[in-house]
Structures are given as C-alpha cells and as structure tokens.
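> Got a structure for you, written out below as structure tokens; questions coming shortly.
The values are calculated or read from the model by the stated rules, or taken from the named source; none is laboratory data. What you see is a predicted model, and the numbers here were worked out from it, not measured in a lab. Cβ atoms come from the backbone with ideal geometry, glycine included; neighbour counts cover every protein chain shown. These accessible areas exclude ligands, DNA and RNA; they are computed on the full protein's heavy atoms, side chains included. Shrake-Rupley method; radii C 1.70, N 1.55, O 1.52, S 1.80 Å.
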Amino acid sequence: MAVLEEIRLSIEHGRPKDTEKLVRRALEEKVPPEDILEHGMIPAMRNVGEAYKNYTADIPRILSAARGMRKGMDVLEPFLGPEENRYIGTVILGTVAGDLHDVGKNLVAIMFRSAGFKVIDLGVDISDRQFLKALKENPETSIVCISSLLTTSMPEMRQIVKSLHKSDKEHRLKIMVGGGSVTQEFADEIGADGYTENAVDAAELAKTFLI
Ligand code: B12
C-alpha cells in the first residue's frame with residue numbers, strides 16, 4: 001500500500017512532520033492501525049538499525065528515525081488496542097550504578113521498542129536495589145537489560161546479576177548485558193543469559209527468549 005511505503009520512507013529519511021501527517025492520512029484511508037505499525041513504521045526502524053549495524057548509518061540518523069517513530073506513535077496510539085495486547089514482552093533497562101553513559105542504552109531502548117517490546121527505562125546510575133524495585137512494580141517483565149561503559153562499574157554489573165538471580169527463584173527472568181566494557185566472556189562469567197555487541201542484535205536475541 002502506497003501510504004505505508006511513504007510512512008516507512010519518512011521515518012528512514014528522518015522527516016517526523018511528514019510521518020505524523022502520513023499516519024493521519026493512513027488512518028483516514030481506513031488502513032488498520034496495526035498494519036500502519038507493523039508494515040510501515042517497524043520495517044523503517046529495522047532498516048535503519050540494519051544500516052547502523054553495517055556502518056551505513058550513524059547515530060544522528062537513528063535518533064531522527066526514532067523521532068519520526070515517536071511522532072507517528074503519538075498519532076497512532078489512541079487507535080491501537082488495549083495496552084496489554086500491544087507488546088510482545090516487557091523489558092527493564094538501565095545503566096549500572098556509577099556509570100552515566102546513556103547513548104548506547106537509549107539505542108537499545110529504541111530498538112526494543114521498535115521490535116514491539118514495552119521498555120521501562122530506569123535511566124543511568126542504577127543499583128541492584130533499583131532494578132529489584134522496578135521488577136517488583138512490573139511483575140510481567142521477562143527481560144532485564146543492563147548497560148555498562150566503564151570497567152570500574154563492572155563489579156556493579158556482577159552484583160546486579162547476582163541480586164536478580166537471587167530474587168528470581170523460578171528462573172523466569174532473562175538477563176542481558178552489554179555496553180563498551182562488556183564482553184561475551186564477562187557475560188558468561190557473571191551468569192547473564194545474553195550479550196550482544198550492538199542494539200540491533202540485542203532486540204533480535206531478546207525475541208528468541210520469548211519463544
Ligand atoms: C560519550 C562519552 C562520554 C559522555 C557520556 C554522555 C552520555 N550521555 O552518554 C561523557 C562526556 C559524560 C563521558 C563521561 C565519562 N567517560 Co566516557 N565516553 C564517551 C564515549 C566517547 C562514547 C560512548 C558512546 O556513547 N558510544 C556510542 C554508543 C552507541 O555505544 P555503546 O554505549 O557501546 O552502546 C552500543 C553497544 O555497546 C550496545 N549496548 C549498550 N548497552 C547495552 C546493553 C545491553 C543489554 C546490550 C545487549 C547491548 C548494549 O548497543 C549500543 C548500540 O549498538 C566513550 C568512548 C567510546 N568510543 O566508546 C567514552 C568512554 C566510555 N568514557 C570513558 C571514561 C573513562 C569516562 C569518564 C570516567 C571520564 C572522566 N574522567 O570523567 C566519565 C565517566 C562519567 C560516569 N560516571 O559515567 C572511557 C571508559 C574506559 C573504561 N573502559 O572504563 C571511554 C571508553 C573513553 C576512553 N577510551 O577512555 N563519556
């Protein structure tokens with residue numbers, strides 16, 4: 001459908017005002033809201049994410065695509081079904097205590113949202129207690145994502161994973177770690193369920209945890 005293609009291109013090319021208008025037009029043309037999301041908006045973010053992974057898109061391009069996504073969602077949201085049917089899963093995300101880097105974490109949030117997850121972003125400088133509190137408040141959460149850019153904050157990441165394991169008696173939760181200071185070896189050592197080098201792969205891996 002032409003309008004869905006136009007929506008996709010407006011997001012990929014970072015034209016949020018056009019995205020907003022086009023989503024309104026699609027709704028007027030009676031395109032089902034779920035189709036607008038699934039066949040217009042999500043493929044755009046997937047393409048931009050792939051381009052970032054292949055080094056053909058940079059961070060500003062991802063951020064402008066995300067702005068388009070947000071503008072489109074603002075229009076679309078009231079037309080989508082009840083919130084609980086809208087997401088494929090819930091993710092809690094944060095940067096570890098002592099660490100204020102958030103660019104990578106924010107990209108992870110964008111890619112997870114684009115993949116259909118509800119993302120509860122706790123922000124930066126988050127301790128194990130704060131992760132546990134968020135989990136208690138959002139018991140439907142299936143994945144916790146922890147980001148760290150500083151080698152000095154890695155003991156904190158280990159502590160958070162330990163505390164999450166301790167609280168997750170039924171082994172329901174998946175824990176993913178990442179960020180510049182993290183390696184696959186470290187992730188294995190601290191008992192995380194998943195590690196990826198970039199945000200696109202993170203969202204892909206997370207989807208496999210839901211099956
Ligand atoms: C920007 C930046 C800053 C900014 C942060 C701004 C912000 N809002 O984030 C500012 C200036 C504030 C800053 C401060 C500091 N920084 Co700094 N910073 C950087 C820099 C240049 C870029 C980081 C970045 O944004 N990368 C881009 C993003 C997209 O990449 P990313 O975070 O790795 O995320 C990707 C993946 O890792 C992955 N990912 C990220 N999180 C997660 C989570 C999960 C679960 C998964 C699966 C994947 C995943 O997906 C992302 C996208 O693909 C790096 C150098 C570098 N080249 O990395 C230094 C760097 C990280 N900083 C460093 C340091 C030392 C500091 C300071 C201590 C400096 C100082 N002496 O004050 C302070 C620390 C402040 C603090 N307490 O946190 C060091 C860390 C060294 C180390 N190994 O410990 C680095 C590596 C620079 C260096 N070479 O020395 N910094």
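> Please identify the pairs in which a residue from the range 6-34 that is touching a residue at least 60 places away in the same chain (Cβ under 8 Å) has its Cβ atom under 6 Å from the Cβ atom of a residue that is among the small types (G, A, S), counting only partners at least 6 apart or on another chain.
I7/G40; I11/A44; I11/A65; I11/G68
> Where in the range 97-206 are the helices (runs of 4 or more DSSP H), entirely inside, with at least 2 residues that are of a type in the set (D, E)? Spell out the reasoning first.
Details: elements: 103-114, 128-137, 154-167, 184-190.
The helices (runs of 4 or more DSSP H) meeting that bar are 128-137, 184-190.
> Does the range 119-136 contain at least one residue that is at positive phi and open to solvent by less than 50 Å² (accessible area, probe 1.4 Å)?
To start, the set of residues in the range 119-136 that are at positive phi comprises 123, 125.
With the extra rule that they be open to solvent by less than 50 Å² (accessible area, probe 1.4 Å), the set shrinks to 123.
Yes, some residue in the range 119-136 is at positive phi and open to solvent by less than 50 Å² (accessible area, probe 1.4 Å).
> Collect the residues in the range 155-187 that are within 11 Å of the ligand (Cβ to nearest atom), among the aliphatic types (A, V, I, L, M) and in contact (Cβ under 8 Å) with a residue 40 or more places away in the chain, keeping them in residue-number order.
Scanning the range 155-187 gives a single hit, M157.
> Out of (1) over 20 Å from the mean Cα position of the chain (by Cα); (2) open to solvent by 10 Å² or more (accessible area, probe 1.4 Å), what's the single condition that is false for S10?
Of the numbered conditions (1) over 20 Å from the mean Cα position of the chain (by Cα); (2) open to solvent by 10 Å² or more (accessible area, probe 1.4 Å), the odd one out for S10 is (2).
> Need the failing condition index for S153 against (1) more than 16 Å from M176 (Cβ to Cβ); (2) in contact with a helix residue (DSSP H, G or I) (Cβ under 8 Å, 6 or more places away or on another chain), just the number.
(2)
> So the check is Cβ under 6 Å with 6+ separation or different chains; which pairs have a first residue in the range 190-211 that's touching a residue at least 12 places away in the same chain (Cβ under 8 Å) and over 18 Å from V161 (Cα atoms) and a second one that's among the aromatic types (F, W, Y) and crowded, with 16+ Cβ neighbours inside 10 Å?
As it stands, the answer is A203/F112, since those pairs meet every condition given.
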